[in-house]
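To start, the structure under review is shown below, and the notes come after it.
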Amino acid sequence: MDFLQYKQLHVHPAKVLKGEVVPPASKSYSARAVLAASLAPGTSLIDNVASSNNVKAMMECCQELGARLTHVEPGRLQVEGPGRFHDGVTLSPGNSGIVLRLLMGAAARNRGITFMTPYLDSLGRRANQEMVDALRALGVVVEAGEEGTLPITLDGSAAHGGEVEISGRRSSQFLSGLLFLGGLLDDALSVRVPDELKAKAMVRTTLTVLGSAGVEVAASEDMMSYRVPAATAYQPAHYVCGSDPASTAALLAVAACVDSTVELRHHRLEELDGVLAYLRDIGVSVTEEDSTLRVQGGGELRPLDFDGSLAPDAVLPLAALAAHADGTSRFYNIEHIRYKECDRISDFRRELERAGIACDEKRDELIVHGSPAGVPGGVTVDSHYDHAVVMAMSVVALRSRTGLTIKDPQYVAQTYPRFFDDLQRLGATVDA
């Protein structure tokens with residue numbers, strides 16, 4: 001059954017889940033690896049590359065910029081970089097903030113690069129002013145909408161290095177985009193984060209990929225200052241992508257929410273700092289052996305607070321799981337997730353409340369008042385164009401009494417195209 005063709009899907013409650021599932025490859029690592037490989041003159045290989053919509057958007061943009069991408073075998077991508085990206089290209093990053101912001105950095109030395117999106121109510125509304133201001137400080141001529149919204153056009157004829165500041169309060173993606181630019185400049189680039197940096201794990205992924213490509217970035221111990229040496233050059237490399245953190249976190253929550261014995265065969269865990277410890281602390285049995293996580297769910301869940309800056313992609317599925325705990329859980333340090341495909345605090349809170357879960361929010365917190373009895377279900381909730389909302393509301397549905405209908409579930413393909421197929425393989429029931 002092709003679940004992604006339907007505008008609504010109903011996820012039924014599940015009594016037992018059992019089986020083995022392989023999380024998809026990391027969209028975060030894959031997108032960065034595709035871009036780094038495209039910037040390197042020569043041939044690079046990427047193993048276990050993700051097939052999500054975000055990564056497909058990055059591939060299409062890099063091809064428009066002159067790279068040649070070939071799937072030489074399933075899961076293995078060969079990338080031939082052009083040496084220099086083409087000028088005068090219009091790019092569509094799809095509905096992906098990370099694709100847009102990485103490419104704004106990587107294409108900032110080119111002329112006539114325009115970014116547009118058909119997702120006017122999602123990516124089209126997301127502000128990029130921090131990145132726009134930083135690029136202008138480095139000599140790039142930028143045309144953009146109010147608050148740096150799309151469409152955006154770049155002319156980097158006079159781009160240069162030097163010292164620049166970039167806020168990390170709303171997103172770490174702006175910093176990652178500048179670091180990609182640093183590998184292309186003739187001058188050294190120094191970047192300082194003047195306020196706070198959320199999602200440090202994702203910046204570490206950027207540093208890892210750049211290091212594999214020969215771009216050695218010196219980072220301060222507190223990860224607030226960075227320096228890319230002068231005349232650094234991208235080199236061809238061999239990349240191996242780990243498992244996607246958002247998808248892995250969702251599967252862990254799925255297995256934990258009902259009586260289950262589920263094994264997750266992962267390639268490598270990324271950007272999930274503190275998540276396994278959190279699950280164990282709230283009462284979920286999680287054991288690790290080599291590349292397998294074994295989850296036994298269905299027991300009582302304890303309420304517990306979670307620092308969302310450790311693993312931003314895990315906040316929504318863990319909050320959905322907390323809806324079944326016996327008490328109140330706080331997810332804090334999460335203001336930055338307001339600026340994703342949707343406002344993942346306010347929009348998600350409204351969908352939880354529509355499903356019957358008591359919630360509160362603050363500027364950088366989501367507070368979930370759990371109930372072990374679950375929720376009645378029987379209502380329709382909205383995806384808000386966001387894969388994370390789709391997966392998290394599925395967790396709520398699985399422990400509800402009558403299930404939930406999810407509107408526009410196809411956006412799960414941004415990260416995890418086969419999510420509903422894998423739910424059914426584990427024993428859940430999903431229908432149109």
Pick from TYR226, TYR239, TYR234: which is under 20 Å from the mean Cα position of the chain (by Cα) and not in a helix (DSSP H, G or I)? TYR239
Scan ASP313, ASP326, ASP360, ASP364 and give me the residue that is farther than 14 Å from MET391 by Cβ, charged (D, E, K, R) and in contact (Cβ under 8 Å) with a residue 40 or more places away in the chain. ASP326
Of all residues in region 189-219, which are surrounded by fewer than 16 Cβ atoms within 10 Å (Cβ to Cβ), assigned to a loop (DSSP other than H, G, I, E, B) and in contact with a Lys or Arg (Cβ under 9 Å, 6 or more places away or on another chain)? ASP195, GLU196
Consider only pairs whose beta carbons are under 7 Å apart and that are at least six residues apart or on different chains; among these, list those whose first residue lies in region 109-136 and is more than 15 Å from GLU147 (Cα to Cα) and charged (D, E, K, R) and whose second residue is assigned to a strand (DSSP E or B) and modelled with pLDDT of 95 or more. ARG111/ASP155
Restricting attention to region 333-392, the residues that are under 20 Å from LEU9 (Cβ atoms), of a type in the set (A, V, I, L, M) and part of a helix (DSSP H, G or I) number exactly 6
Scan (1) in a loop (DSSP other than H, G, I, E, B); (2) under 24 Å from the mean Cα position of the chain (by Cα) for the single condition VAL79 breaks and write down its number. (1)
Options VAL203, VAL142; residue that is closer than 30 Å to LEU45 by Cβ and in the same structural domain as SER38 (by TED's automatic domain parsing): VAL203
Checking LEU318 against (1) of a type outside the set (S, T, N, Q); (2) in contact with a helix residue (DSSP H, G or I) (Cβ under 9 Å, 6 or more places away or on another chain); (3) closer than 19 Å to VAL11 by Cα; (4) in a loop (DSSP other than H, G, I, E, B), which test does it fail? (4)
For region 127-148, how many residues are of a type in the set (Asp, Glu) and more than 20 Å from ARG192 (Cα to Cα)? 3
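The values are calculated or read from the model by the stated rules, or taken from the named source; none is laboratory data. Just so we're clear, the structure is a prediction, and the values are computed from it rather than from any experiment. All Cβ positions, even for glycine, are placed from backbone atoms using ideal geometry, and neighbour counts span all protein chains on display.
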